[in-house]
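Bear in mind these aren't lab numbers, they're just calculated from the coordinates by the rules spelled out. Computed from a predicted model, the values in this text were never measured in an experiment. Note: ideal-geometry Cβ built from the backbone for every residue, glycine included; neighbour counts use all protein chains shown.
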Amino acid sequence: MKVIIREKAKDAAVWAARYIADRINEKAAKTSEPFVIGLCTGSTPIETYKELSRLVKEGKVSFKNVISFNMDEYVGLPESHPESYHSFMYHNLFDYIDEPAQNIHILNGNAPDLNAECEAYEKAIRDAGGFDFFLGGIGEDGHIAFNEPFSPLTSRTRVVTLTEDTRIVNSRFFDNDMNQVPKQALSVGVATVTDAKEVMILAFGPKKARAIHDAVEGGVSHMCTVSALQNHPAGWIVCDEAAVGELRVNSYKYFKAVEAAEKL
Ligand code: GLP
């Protein structure tokens with residue numbers, strides 16, 4: 001695992017966007033096969049999506065041969081709801097890039113058979129050739145996608161029940177009323193994410209510091225599902241200074257030394 005630390009969240013977000021654009025361009029230069037990417041929602045990726053949109057507008061990267069699969073979606077929330085992850089993705093990324101509509105995949109939280117929807121999603125990911133790259137955020141408890149504590153690290157796309165903590169944290173998007181936050185979601189599993197060739201997790205702000213400590217310095221545990229990244233051959237955590245506030249000084253110095261040596 002590599003941890004990239006920038007003083008400000010914006011600089012970290014821009015670094016991540018440029019890294020992703022480079023990976024897309026690198027694959028496009030080698031093959032006509034599509035670049036398959038996993039995408040996340042939340043306030044954390046917004047600046048990265050802005051930078052990617054800017055790079056597309058400037059012709060520095062194209063999503064024409066990119067296939068995307070989003071991580072998760074609430075169950076029972078209409079797609080047109082302003083807080084659905086469908087709405088989020090169009091308003092923050094898809095409306096500004098050149099990804100063909102048929103390449104965009106987001107779980108349908110209103111499907112008549114939710115289990116069938118999840119199975120079909122896993123199959124669609126396999127049929128696309130598997131993920132080249134997965135971009136994720138984390139919850140304050142270290143959940144990745146909606147893989148709450150106690151989710152098996154071998155989990156796949158499925159229906160999940162949200163913890164009360166997550167519903168309280170996410171109530172800021174629902175008039176601060178947790179009763180408006182859906183109780184369930186569809187989510188890719190931890191193994192769906194870690195199967196990707198490369199995984200990058202963004203974490204900004206002091207509220208993520210405990211989760212980053214657990215993910216980086218704690219053991220691999222279902223209590224903090226992002227800790228599964230410790231066993232990944234190409235895992236990145238991209239943070240601002242506030243999010244690494246609970247790392248040990250020696251860990252912090254090591255990651256900064258790697259950044260400097262590898263000119264990251
Ligand atoms: C939700 C999403 C996660 C996201 C998390 C953090 O729980 N399911 O994928 O990482 O929120 O959101 P934020 O970036 O707003 O802190």
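Taking 28 Å as the limit for the C-alpha separation, the pairs 10/207; 10/183; 123/256; 10/123; 50/207; 208/253 exceed it in the case of 10/183; 123/256; 10/123. Between the amide H of residue 133 and those of 36, 38, 197, 198, distances stay under 5 Å, these residues lying 5 or more places away or on another chain, with hydrogens modeled in the peptide plane.
The relative contact order of region 17-144, computed from alpha carbon pairs under 8 Å that lie at least 6 residues apart in sequence, is 32 percent. Shape analysis of region 1-112 places it in the oblate category; the axes a ≥ b ≥ c from the Cα gyration tensor give an a/c of at least 1.5, with a/b not above b/c.
Shape of region 144-227 from the C-alpha gyration tensor: oblate (a/c of 1.5 or more and a/b not above b/c, with a ≥ b ≥ c the square roots of its eigenvalues).
Couplings 3J(HN,Hα) of region 252-264, computed from phi: 4, 5, 4, 5, 5, 5, 5, 4, 5, 5, 9, 6, 7 Hz, in residue order, whole Hz [Karplus 6.51 cos²θ - 1.76 cosθ + 1.60, θ = phi - 60°; x for Gly and Pro]. Working from Cα pairs under 8 Å separated by at least six residues, relative contact order for the chain is 24 percent. The HN-Hα couplings worked out from phi for region 231-244 by the Karplus form 6.51 cos²θ - 1.76 cosθ + 1.60 (θ = phi - 60°) are 9, 8, x, 9, x, 10, 10, 10, 10, 9, 4, 5, 6, 9 Hz, whole numbers, x standing for Gly and Pro.
The 3J(HN,Hα) values that the Karplus relation (6.51, -1.76, 1.60; θ = phi - 60°) gives for region 38-49 are, in residue order, x, 10, 10, 10, x, 6, 4, x, 4, 5, 5, 5 Hz. Gly and Pro appear as x.
A full extension of the chain between residue 257 and residue 217 corresponds to an added length of 12.7 nm, given 0.36 nm per residue minus the alpha carbon distance.
For the chain, adding -39500 (n - 2.57) for each run of n ≥ 4 DSSP H residues and dividing by the number of residues yields -10500 deg cm²/dmol at 222 nm. For residue 81 and residue 177, a Förster radius of 22 Å and the Cβ-Cβ distance give a FRET efficiency of 0.95, rounded to the nearest 0.05. Taking amide H as placed 1.01 Å from N in the peptide plane, residue 238 has its amide H under 5 Å from the amide H of 4, 201, 202, 203, each at least 5 places away in sequence or on another chain.
Neighbour counts of other Cβ atoms within 10 Å put 4, 237 in the fewest-to-most order 4, 237. Relative to the current alpha-carbon distance between residue 64 and residue 111, full extension at 0.36 nm per residue lengthens the span by 14.2 nm.
Long-range amide H contacts for residue 223: which residues qualify at under 5 Å (H placed 1.01 Å from N, peptide plane, sequence gap of 5 or more or a different chain)? For residue 223, the qualifying residues are 150.
Summarising the label geometry, the points placed 7 Å from Cα in the beta-carbon direction at residue 98 and residue 123 lie 3.3 nm from one another.
What shape does the chain have by the C-alpha gyration tensor, where a ≥ b ≥ c are the square roots of the eigenvalues, rounded means a/c under 1.5, and otherwise prolate means a/b greater than b/c and oblate the rest? Rounded, since a/c falls under 1.5. Could you pull out every one of the lysines with an alpha carbon less than 22 Å from that of residue 30, ignoring same-chain neighbours closer than 8 positions? Cross-link targets: 60, 64, 197.
Which aspartates and glutamates have a Cα lying under 20 Å from the Cα of residue 57, excluding residues fewer than 8 positions away in the same chain? Partners found: 11, 22, 26, 47, 95, 98, 99. Which of 138, 37, 104 ends up with the largest GNM mean-square fluctuation for the chain, with Cα atoms connected below 10 Å? Looking only at 138, 37, 104, the biggest GNM fluctuation is shown by 104.
Normalised by the number of residues in region 164-264, the average gap of Cα pairs under 8 Å and 6 or more apart makes the relative contact order 25 percent.
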